[in-house]
Amino acid sequence: MLPTVARVLDLEVMRRGLPQVVAGADHLERPVRWVHVSELPDVAGMLQGGELVLSTGIALPEDREGLARYVRELADIGVAGLVIEYGRRYFDSLPRALVHAAEQRGLPLIALRRELRFVAVTEAVHALVVNAQLEQLRTSEAIHQVFNELVVEGAEPAEVVRQVARIAGAPVVLENLAHQVLTHDCAGRPETELLEDWERRSRGVRPPGRTGYDPRSGWLVTTVGARGQDWGRLVLMQEPGPHPDAGPHPFTMLLERGASALALNRLVVRDRESLERQTHRTLLSGILTHALTVSEVALRAQALGVPLEGRRLVGAVLRQRRGPIPAALEAQARLRDFTELAASAVRACRLSALVGALDDEGVGVLITLGPQQDEHAALDAFAAALRRLTAEAARDPAAPAPVVAVGSSVGSVRDARRTLLEATQVADAALHDAPGGRASSYYRLPDVRLRGLLHLLRDDARLQTYVERELGPLLAFDAEHNGQLVQMLRIYLEQGRNKSAAADAAHLSRPSFYDRLHKVERILGVDLDQVESCLSLHVALLALDAVRR
């Protein structure tokens, strides 16, 4: 940074003149951009602001009004301070009118009680100024190099914010236009101190212009956006207090460069998951993996505008009905679009929820309900909105509705993981249920019945042993002969052991289908006319689906 008036007064060459501050002592932190030596009473017209004016006072006006005008013109142009040397015009004190005017206008006025060579002062201060400017250039170049690399590498917003905080040594927050925290870096400060009551505090800070400093809060704020479309603010948080009277905030360039990197990142990756969805996904993942503590989850969700504490929480998992397996990039795009549809359904129902992708196939939703909200009505409205939006997106009113699986409601953030896990288990089992013909628009654990039970037990070695015992020989035969006997058995059982209907469903003649059933009986050593044998095999097939899942 540029040297301040106080720093200049502390120089050895200045101390030789025995400097005495006679006015404006509260403004000695003003930066000195240059030193100008002049005896002219109208010198203000030659200045640009930030100069330290050196004078013997020999040509200053004698009248009170003239001295006040001289100080007023210097203050208006923004000079850093005025230094007057005793010995030519003044000997042991400065005119009271001059001192009073400087004090009134907050202009540092310094008297030199011993004669100095002004050229020595000029050389010493200019050396500091030039060194500061060189350091600013080096810093600027280093900052640009850091953020250029981040942009080229496609760094995530969290990494950009982390780098801004590292360079500034202060906490940094990226928020959206609704004053909800998208990502942040605490820079070593407690997260509670940083994010507590964030929306209210942030709404109270509205500095003028796209970048501005608020001395009440100590926040330096810049708008984030490009092409006339602003979408957030980047906030650097320091201790409250006044900023130096002249010159931009020292971290203005850093914050604006970070905002530019964020805006460019959004333009480049606009086809990827939105930043809001990324933030929601991180919180949901933190709940499921215990990567975040309960207090961290509650605090960050509150900063996102999704209060979790003191509310009923209901986990839901959404899955799309299976179709042709898409390519990897297409699958990612479909999941992203499906996640945005889920978020739109939440907004349409005026619910509060975390919404984010859980894996490559499903979307997790943690809905928060107030004491007056009816759980079934809220879930039913959400499922209906999702079904409508899905049909509109597919431009097909008959498009299959996605699976909406719901866990049991819980009363604390600590239990949020349980409701999400239960919803995941229900969703996996419900995928095998035929769409349509249901009274409810969403699934819960009792709705998936035997399939749900088998899904819950899918990792149990005893269930896997049962599947191998019942179906192992048939699975081995199909694998060795590239056969479809397991599928024939499945069709037969799904058709209620009606051989004629099963043959039609298999698109085979009745003799051909009957012959395949006899093969199944020989390989497994069972009688398919016995109800108990068919029941055991049907359970084994459902368990096989669960295990493979």
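The values are calculated or read from the model by the stated rules, or taken from the named source; none is laboratory data. These figures come from a predicted structure and were not determined experimentally. Positions of Cβ are generated from backbone atoms using ideal geometry, with glycine treated the same way; all protein chains shown enter the neighbour counts.
Given the conditions (1) without any contact (Cβ under 8 Å) to a residue 60 or more places away in the chain; (2) part of a loop (DSSP other than H, G, I, E, B), and given that A75 satisfies all but one, which numbered condition is not satisfied?
Looking at each condition in turn, A75 falls short on (2).
Given the options G452, G483, name the one that is of a type in the set (G, A, S), buried (at least 18 other Cβ atoms within 10 Å of the Cβ) and either more than 28 Å from Q320 (Cβ to Cβ) or out of contact with any Phe, Trp or Tyr (no Cβ under 7 Å at 6 or more places or on another chain) (or both).
Values: G483 fails: buried (at least 18 other Cβ atoms within 10 Å of the Cβ).
From the options G452, G483, the qualifying one is G452.
Looking only at region 386-415, which residues are over 21 Å from E361 (Cβ atoms) and not charged (D, E, K, R)?
Listed by number, the residues that qualify are P397, A398, S408, S409, V410, G411, S412, V413.
Which of the residues spanning region 137-183 are outside any helix (DSSP H, G or I), closer than 19 Å to M253 by Cα and more than 11 Å from the chain's Cα centre (by Cα)?
G169, A170, P171, V172
All but one of (1) at pLDDT 90 or above; (2) within 30 Å of R138 (Cα to Cα); (3) in contact with a Leu (Cβ under 7 Å, 6 or more places away or on another chain) hold for L28; state the number of the condition that does not hold.
(3)
Can you tell me which of A331, A385, A342 is farther than 24 Å from L182 by Cα, assigned to a helix (DSSP H, G or I) and at pLDDT 90 or above? I'd like the intermediate steps shown before the answer.
Details: A331 fails: at pLDDT 90 or above; A342 fails: farther than 24 Å from L182 by Cα.
Every option except A385 fails the conditions.
Looking at D380, is it in contact with a Ser or Thr (Cβ under 8 Å, 6 or more places away or on another chain), in a helix (DSSP H, G or I) and modelled with pLDDT of 85 or more? Let's see the steps before the verdict.
On the way: in contact with a Ser or Thr (Cβ under 8 Å, 6 or more places away or on another chain): yes; in a helix (DSSP H, G or I): yes; modelled with pLDDT of 85 or more: yes.
Taking the combined requirement at face value, the residue satisfies it.
Within region 56-66, identify whether any single residue is under 23 Å from V32 (Cβ atoms) and touching a strand residue (DSSP E or B) at 6+ places or on another chain (Cβ under 6 Å), and answer yes or no.
Yes.
Among the candidates S536, S509, single out the residue that is under 22 Å from N482 (Cα atoms), hydroxyl-bearing (S, T, Y) and assigned by TED's automatic domain parsing to the domain that holds D478.
S509
Take the conditions out of contact with any Pro (no Cβ under 7 Å at 6 or more places or on another chain) and either at pLDDT below 90 or buried (at least 18 other Cβ atoms within 10 Å of the Cβ) (or both) and apply them to R549. Does it pass? Please lay out each step first, then the result.
Working: out of contact with any Pro (no Cβ under 7 Å at 6 or more places or on another chain): yes; either at pLDDT below 90 or buried (at least 18 other Cβ atoms within 10 Å of the Cβ) (or both): yes.
When the stated conditions are applied, R549 passes them.
Just to be sure before I move on: is E361 of a type in the set (D, E, K, R), within 30 Å of R200 (Cβ to Cβ) and either in the same structural domain as R444 (by TED's automatic domain parsing) or buried (at least 17 other Cβ atoms within 10 Å of the Cβ) (or both) in the structure I sent?
Numbers: of a type in the set (D, E, K, R): yes; within 30 Å of R200 (Cβ to Cβ): no; either in the same structural domain as R444 (by TED's automatic domain parsing) or buried (at least 17 other Cβ atoms within 10 Å of the Cβ) (or both): yes.
No, not satisfied.
Can you go through L60, L67, L47 and tell me which one is at pLDDT below 95, within 18 Å of A101 (Cβ to Cβ), touching a Ser or Thr at 6+ places or on another chain (Cβ under 9 Å) and assigned by TED's automatic domain parsing to the domain that holds Q104? Break it down into steps so the answer makes sense when it comes.
Values: L60 fails: touching a Ser or Thr at 6+ places or on another chain (Cβ under 9 Å); L67 fails: touching a Ser or Thr at 6+ places or on another chain (Cβ under 9 Å).
Sole residue among the options that is at pLDDT below 95, within 18 Å of A101 (Cβ to Cβ), touching a Ser or Thr at 6+ places or on another chain (Cβ under 9 Å) and assigned by TED's automatic domain parsing to the domain that holds Q104: L47.
Given the residues D428, D447, D374, D380, which is the only one that is buried (at least 22 other Cβ atoms within 10 Å of the Cβ) and among the acidic types (D, E)?
Values: D447 fails: buried (at least 22 other Cβ atoms within 10 Å of the Cβ); D374 fails: buried (at least 22 other Cβ atoms within 10 Å of the Cβ); D380 fails: buried (at least 22 other Cβ atoms within 10 Å of the Cβ).
Answer to the check: D428.
Identify, from the list L485, L542, L463, the residue that is touching a Lys or Arg at 6+ places or on another chain (Cβ under 9 Å), modelled with pLDDT under 90 and at negative phi.
Details: L485 fails: modelled with pLDDT under 90; L463 fails: touching a Lys or Arg at 6+ places or on another chain (Cβ under 9 Å).
After ruling out the rest, the residue left standing is L542.
Only one of (1) closer than 21 Å to S295 by Cα; (2) surrounded by fewer than 19 Cβ atoms within 10 Å (Cβ to Cβ) fails for Q229. Which number is that?
Failed condition: (1).
Of the residues R89, R105, R113, which is surrounded by fewer than 17 Cβ atoms within 10 Å (Cβ to Cβ) and either in the same structural domain as L60 (by TED's automatic domain parsing) or in contact with an Asp or Glu (Cβ under 6 Å, 6 or more places away or on another chain) (or both)? Explain how you work it out, then say what you get.
Numbers: R89 fails: surrounded by fewer than 17 Cβ atoms within 10 Å (Cβ to Cβ); R105 fails: surrounded by fewer than 17 Cβ atoms within 10 Å (Cβ to Cβ).
Of R89, R105, R113, the one residue that is surrounded by fewer than 17 Cβ atoms within 10 Å (Cβ to Cβ) and either in the same structural domain as L60 (by TED's automatic domain parsing) or in contact with an Asp or Glu (Cβ under 6 Å, 6 or more places away or on another chain) (or both) is R113.
Give the residue that is farthest from T122 (Cα to Cα), with candidates limited to residues of region 21-60 that are more than 52 Å from the chain's Cα centre (by Cα) and part of a strand (DSSP E or B).
The extreme case among them is S55.
Considering each residue of region 383-408, count those that are touching a Gly at 6+ places or on another chain (Cβ under 9 Å) and surrounded by fewer than 16 Cβ atoms within 10 Å (Cβ to Cβ), and give that number.
Looking only at that region, the number is 1.
Please identify the pairs in which a residue from region 286-302 that is free of Cβ contacts under 8 Å to residues at least 40 places away in the same chain has its Cβ atom under 9 Å from the Cβ atom of a residue that is among the acidic types (D, E), counting only partners at least 6 apart or on another chain.
Qualifying pairs under 9 Å: G286/E296.
When you go through R417, R462, R458, R490 one by one, which is the residue that is touching a strand residue (DSSP E or B) at 6+ places or on another chain (Cβ under 9 Å) and of a type in the set (D, E, K, R)? Spell out how you get there, then give the answer.
Numbers: R462 fails: touching a strand residue (DSSP E or B) at 6+ places or on another chain (Cβ under 9 Å); R458 fails: touching a strand residue (DSSP E or B) at 6+ places or on another chain (Cβ under 9 Å); R490 fails: touching a strand residue (DSSP E or B) at 6+ places or on another chain (Cβ under 9 Å).
Matching residue, one of R417, R462, R458, R490: R417.
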